[in-house]
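A.B. asks: First the structure, which I've put down as structure tokens, then a few questions once you've had a look.
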Protein chains: 2
Amino acid sequence: MPDGSARRTGIALTERQRIAWLRLIRSDNVGPATFRDLINHCGSAENALAMLPELSARGGATRAIRIAGVQEAERELEAADRFGARFVGIGEPDYPPALRQIEGAPPLLAMKGELSAATRPSVGVVGSRNASISGAKFAAMIARDCGRAGYTVTSGLARGIDTSAHRASLETGTIAVLAGGLDQPYPPENVPLLDEITEGAGLAVSEMPFGWEPRARDFPRRNRLISGISLGLVVVEAAERSGSLITARMATDFGRLVFAVPGSPLDPRCHGTNGLLKQGAIVTTGSADVIEALAPLSQLDLFNGPVVEEPKKFSDILPPNDDDRAIIVSALGPTPVEVDDIIRHTGLPASTVYLILLELDLAGRLHRHVGGLVSIAMDA
Amino acid sequence: MPDGSARRTGIALTERQRIAWLRLIRSDNVGPATFRDLINHCGSAENALAMLPELSARGGATRAIRIAGVQEAERELEAADRFGARFVGIGEPDYPPALRQIEGAPPLLAMKGELSAATRPSVGVVGSRNASISGAKFAAMIARDCGRAGYTVTSGLARGIDTSAHRASLETGTIAVLAGGLDQPYPPENVPLLDEITEGAGLAVSEMPFGWEPRARDFPRRNRLISGISLGLVVVEAAERSGSLITARMATDFGRLVFAVPGSPLDPRCHGTNGLLKQGAIVTTGSADVIEALAPLSQLDLFNGPVVEEPKKFSDILPPNDDDRAIIVSALGPTPVEVDDIIRHTGLPASTVYLILLELDLAGRLHRHVGGLVSIAMDA
């Protein structure tokens, strides 16, 4: 039984910092990993914003990098405010503690609803949009029982299994992760459900800008957040090559427990879940399977200990010289490699390698991959 | 792909030996384990028959042990002959090679049909009597594909899954194991199916006497044979506490692979199979899961090398004295213990301990348990 009263600890961003963070993450070529590297190198988002043009130019950008302006950020903060939402930074107390730990965690999350839901241990429940009646019933049972056991239930607001899971945990607290901006929920028929969630014990969450309409490629990012927020992911009915399996693979990458509900091999809605069982997912025939397996995890320090991230000092390393940059560019290719391998291969100091990669990244020349691997855009 | 042309090797019983074997296994207090101990101690079934009264009396029998007579055995052999069946001894070439290896393998099997089916690698396919349409379909698919891959399909002639499995492997060869005598098939509606099996490429098998009507307690013995004959057991739909789960537990005890087909947790017919998956059974969503896992096993020496069991010499150990017997009786209790523990505890020679246990067994005072454990009947 998880302790719902986790200590909420961490830094608090000033309003000025929050605007700088929002500007930085909304600027071109800045994703979560680049954001983290910039803060580490420059000491603050504000310093990073000031250095973006120079870093990007050193990396070989052919045109000036687009930097989100102060007004643009203020407009988004105002939109959030009018909408009843707020932006929470990765080090702040209301940020989902399990999500903090994953590679590429969003530096800022837009949240609307009962913020305390974000910091309780969570179970992800996902599955087919065209769920069977029994699948929907099963998802509801898992969500209801996990809710009663103290977990929030995280899902993607989709039709079918997601809808069942959210509905069954409205009273105990459920987190809907959106693929678009908080004001662009999808699908339209679930807008009333989302209102029920955010007006009750639950929460809507998004890393995307206000006004952003979700496109197909945004859903895997949404799935990453579902896996990242949850300690364990329950997959109830999933076809082969479905989004739920992407969510499950990410959950495995993040070291989360993956639960799969067995089903008839003759039902295509169960091919994905049966496949997960073959890969070692936990056979799940009732809520107890989930609650018992998660119990030890929900007691982790993650939810009880202090998690504070202090901004680093401004890095005092000098700009790298062009020779070093040329060495790294020629060492990179289209095959993703580890940064440690680049350091070993080139013999350059780690700080120099990281800085050059950051420059290339901001110039739009670097590709980042799962596991911290990088490759270079060959058309550069 | 198993080699269907296994070398059939072993001893051949003379007709006189076969009658003695049949008399011995049909005598009171003689089960497969006692039969084996008697042959080991006395050197032959004929010697054992001669010694039964003395051994049983030394073990403390209160009345004379019933020994099957020559005429009784001859009558059963004649009945088998008229029925088109024969008795195959455990060391003989037509005895199922995998069954030879299990604890408590029947010394004699009555068989009718295509005897070569007995010596090919086999897959057991079992499940619910009240199978769903999709369960029956799935069992047929597995049986058909395994048949084509060179395996015989072993099952229990029951309604539902068993029936589907037998029907789908009529042409490639299927083994029906009966809980009663070969002339007492159950259920009655499957008598035509049994005829198709034995008149075609398949085989009916039983360890029970001709004329024996199956009772409830005979079915677990039947299930033991299904598991023993098969290299792997596929369980397609099984409720909790069902016979199929007994078969699966025995298969595990014998070191067989256990395959279970996943199904909806909301369908009681899948509770047993899902439970097997939780215990580590192989998730089975298609025939390839079975065929790939069994391929290495079907190449074992079991099916290719010589398996010869020579009768042992008559044991020259003297009858144990009453003091030793009293020591062992007082060391035993209602809790099953290992024979090695009895040897260690009493300090008596192993041969003496085995002989005293054999005497107690024949006197009806010993209980034998799975794993070779023994206990004593406390009312003795």
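A.B. asks: Each residue of the range B:90-104 in order: what ³J(HN,Hα) in whole Hz does its phi give by Karplus 6.51 cos²θ - 1.76 cosθ + 1.60, θ = phi - 60°, with x for Gly and Pro?
C.D. replies: Here the 3J(HN,Hα) series is 4, x, 7, x, 8, 6, x, x, 5, 5, 3, 7, 8, 5, x Hz.
A.B. asks: Please list 3J(HN,Hα) in residue order for the range B:333-342, calculated via the Karplus relation 6.51 cos²θ - 1.76 cosθ + 1.60 where θ = phi - 60°; whole Hz, with x for glycine and proline.
C.D. replies: Result, rounded to whole Hz: x, x, 7, x, 10, 7, 4, 4, 5, 5.
A.B. asks: Of all DSSP beta bridges in the protein assembly as shown, what percent run antiparallel (nearest 5)?
C.D. replies: Working: 26 of 66 bridges.
Around 40 percent antiparallel, to the nearest 5.
A.B. asks: Using 0.36 nm per residue of separation minus the Cα-Cα distance, give me the extension gain between A:Asp28 and A:Arg215 in nm, one decimal. Before the final figure, lay out each step's value.
C.D. replies: Numbers: separation 187, 0.36 × 187 = 67.32 nm, distance 1.83 nm.
The A:Asp28-A:Arg215 span can extend by a further 65.5 nm.
A.B. asks: Let me ask you something else. Quickly work out the A:Glu171-to-A:Arg36 label distance, labels modelled 7 Å from Cα along the C-beta direction, and quote it in nm with one decimal.
C.D. replies: Each label point lies 7 Å from its Cα, and together they span 4.0 nm.
A.B. asks: Just tell me how shielded B:222-230 is by partners: mean number of partner chain Cβ atoms within 10 Å of each residue's Cβ, no decimals. Could you put the intermediate results ahead of the total?
C.D. replies: Numbers: counts 0, 0, 0, 0, 0, 0, 0, 0, 0.
Per residue, the average neighbour count from other chains is 0.
A.B. asks: For chain A, what does the relative contact order come out to in percent, with C-alpha contacts under 8 Å and a separation of six or more?
C.D. replies: Numbers: 803 pairs, mean separation 77.1, N = 380.
So the answer I get is 20 percent.
A.B. asks: What is the order of A:Thr352, B:Thr346, fewest Cβ neighbours within 10 Å to most? Please list the in-between numbers first.
C.D. replies: Details: A:Thr352 20, B:Thr346 16.
In order of increasing Cβ crowding within 10 Å: B:Thr346, A:Thr352.
A.B. asks: What does the structure give for B:264-271 when I average, per residue, the other chain Cβ atoms found within 10 Å of the residue Cβ? Present the calculation step by step, with values, prior to reporting the outcome.
C.D. replies: Working: counts 12, 12, 10, 3, 0, 0, 4, 1.
Counting other chains' Cβ atoms within 10 Å and averaging over B:264-271 gives 5.
A.B. asks: Between B:Ala331 and B:Gln299, what is the label-to-label distance in nm when each label sits 7 Å out along the Cα-to-Cβ direction?
C.D. replies: Between B:Ala331 and B:Gln299, the simple spin-label model gives 4.6 nm.
A.B. asks: At a 10 Å Cβ-Cβ cut-off, how would you order A:Ser230, B:Ser206, B:Ser351, A:Ser164, fewest neighbours first?
C.D. replies: Working: A:Ser230 31, B:Ser206 28, B:Ser351 15, A:Ser164 25.
Fewest to most other Cβ atoms nearby, the residues stand as B:Ser351, A:Ser164, B:Ser206, A:Ser230.
A.B. asks: In chain A, if the dipole is taken from +1 on Lys/Arg beta carbons and -1 on Asp/Glu beta carbons about the Cα centre, which of A:Pro334, A:Gly113, A:Ala139 is farthest to the positive end?
C.D. replies: Of the options given, the answer is A:Ala139.
A.B. asks: So what's the gap between the Cα centers of the range A:58-119 and the range B:320-380, to the nearest angstrom?
C.D. replies: Between the Cα centre of the range A:58-119 and that of the range B:320-380, the gap is 76 Å.
A.B. asks: Can you list the residues, at least 5 places off or on another chain, whose amide H is less than 5 Å from the amide H of A:Thr154, using H built in the peptide plane?
C.D. replies: Result for A:Thr154 returns A:Val123, A:Gly124, A:Val125, A:Ile175.
A.B. asks: Mean separation of Cα pairs under 8 Å and 6+ residues apart, divided by the residue count of the range B:1-106: what relative contact order is that in percent? Kindly include the intermediate steps, with their values, before the conclusion.
C.D. replies: Working: 90 pairs, mean separation 38.5, N = 106.
With pairs under 8 Å counted, the relative contact order is 36 percent.
A.B. asks: Count charges around A:Gly180 for me, please; just the other residues with Cβ under 13 Å from its Cβ, Lys/Arg as +1, Asp/Glu as -1. If you can, show how the numbers build up before the last one.
C.D. replies: Working: positive: A:Arg215, A:Arg217, A:Arg221, A:Arg222; negative: A:Asp183, A:Glu207, A:Glu213, A:Asp218.
Net charge in that neighbourhood comes out at 0.
A.B. asks: Measuring from centroid to centroid over Cα atoms, what is the spacing of the range A:238-255 and the range B:172-186 in Å?
C.D. replies: 47 Å
A.B. asks: Going by C-beta contacts inside 10 Å, put A:Thr198, B:Thr174, B:Thr152 in order with the fewest on the left.
C.D. replies: If I rank by nearby Cβ atoms, fewest first, I get A:Thr198, B:Thr152, B:Thr174.
A.B. asks: Which part of the range A:74-111 falls in the paramagnetic zone of A:Arg16, meaning amide N under 17 Å from the point 7 Å along Cα-to-beta-carbon?
C.D. replies: Of the residues in the range A:74-111, A:74 have backbone N under 17 Å from the label point off A:Arg16.
A.B. asks: Sticking with this structure for a sec: I want to check the label-to-label distance for A:Ser351 and B:Asp195. Put each point 7 Å from Cα in the C-beta direction and report it in nm to one decimal.
C.D. replies: Using points 7 Å along Cα→Cβ, the separation is 9.3 nm.
A.B. asks: Restricting to bridges with both residues inside chain A, how much of the DSSP beta-bridge set is antiparallel, in percent to the nearest 5? Intermediate values should be presented prior to the final figure.
C.D. replies: Values: 13 of 33 bridges.
Among the beta bridges of chain A, antiparallel pairing accounts for roughly 40 percent.
A.B. asks: To continue, here is another question. Set the Förster distance to 60 Å, then compute FRET efficiency between A:Met378 and B:Ile133 from the Cβ-Cβ distance, nearest 0.05. Mind dumping the intermediate values first?
C.D. replies: Values: r = 55 Å, r/R0 = 0.92.
The computed FRET efficiency comes out at 0.60.
A.B. asks: What is the angle, in °, between the Cα long axis of helix B:32-42 and the longest principal axis of the Cα atoms in chain B? Nearest 10 is fine, range 0 to 90.
C.D. replies: For helix B:32-42, the angle is close to 40 degrees.
A.B. asks: Angle check, please: helix B:45-58 long axis (alpha carbons) against the longest principal axis of chain B (alpha carbons), in degrees 0 to 90, nearest 10.
C.D. replies: Helix B:45-58 and the main axis of chain B meet at about 60 degrees.
A.B. asks: Taking the 0 to 90 degree range and rounding to the nearest ten, how far is the long axis of helix A:70-83 tilted relative to the main principal axis of chain A, both from C-alpha atoms?
C.D. replies: So the inclination is approximately 10 degrees.
A.B. asks: Let me ask something else. Within 10 Å of each Cβ in B:276-285, how many Cβ atoms from other chains are there, averaged over the peptide?
C.D. replies: Working: counts 1, 5, 6, 1, 1, 1, 1, 12, 3, 11.
For this peptide, the per-residue mean of nearby foreign Cβ atoms is 4.
A.B. asks: Over the range A:158-277, what is the relative contact order in percent, taking alpha-carbon pairs closer than 8 angstrom and at least six residues apart?
C.D. replies: Working: 206 pairs, mean separation 25.1, N = 120.
Relative contact order of the range A:158-277: 21 percent.
A.B. asks: Would you mind checking the radius of gyration and Dmax of chain B based on alpha-carbon positions, in Å?
C.D. replies: According to the Cα coordinates of chain B, Rg and Dmax are 21.4, 64 Å.
A.B. asks: Starting from 0 in steps of 20 Å, tell me what percent of the Cα-Cα pairs of the protein assembly as shown lands in each bin.
C.D. replies: 15, 32, 25, 19, 8, 0
A.B. asks: Under 27 Å between alpha carbons: how many lysine pairs meet that in the protein assembly as shown, if sequence neighbours fewer than 8 apart on the same chain are excluded? Let's see the in-between values first.
C.D. replies: Values: A:Lys137/A:Lys278; A:Lys137/B:Lys137; A:Lys137/B:Lys278; A:Lys278/B:Lys137; A:Lys278/B:Lys278; B:Lys137/B:Lys278.
Lysine pairs satisfying the spacing and distance rule in the protein assembly as shown number 6.
A.B. asks: Could you work out the helix-only [θ] at 222 nm for chain B, with each DSSP H run of four or more residues adding -39,500 (n - 2.57) and the total divided by the number of residues, to the nearest 500 deg cm²/dmol? Numbers along the way, then the final one.
C.D. replies: Values: 16 runs with 161 residues, N = 380.
Helix contribution divided over all residues of chain B: -12500 deg cm²/dmol.
Any read-out appearing in this document is the output of simple, stated calculations on the displayed coordinates, not a laboratory observation. Nothing here was measured: the structure is a model prediction, and the numbers come from that model. As a convention, Cβ positions derive from the backbone with ideal geometry for all residues, glycine included, and neighbour counts pool all protein chains shown.
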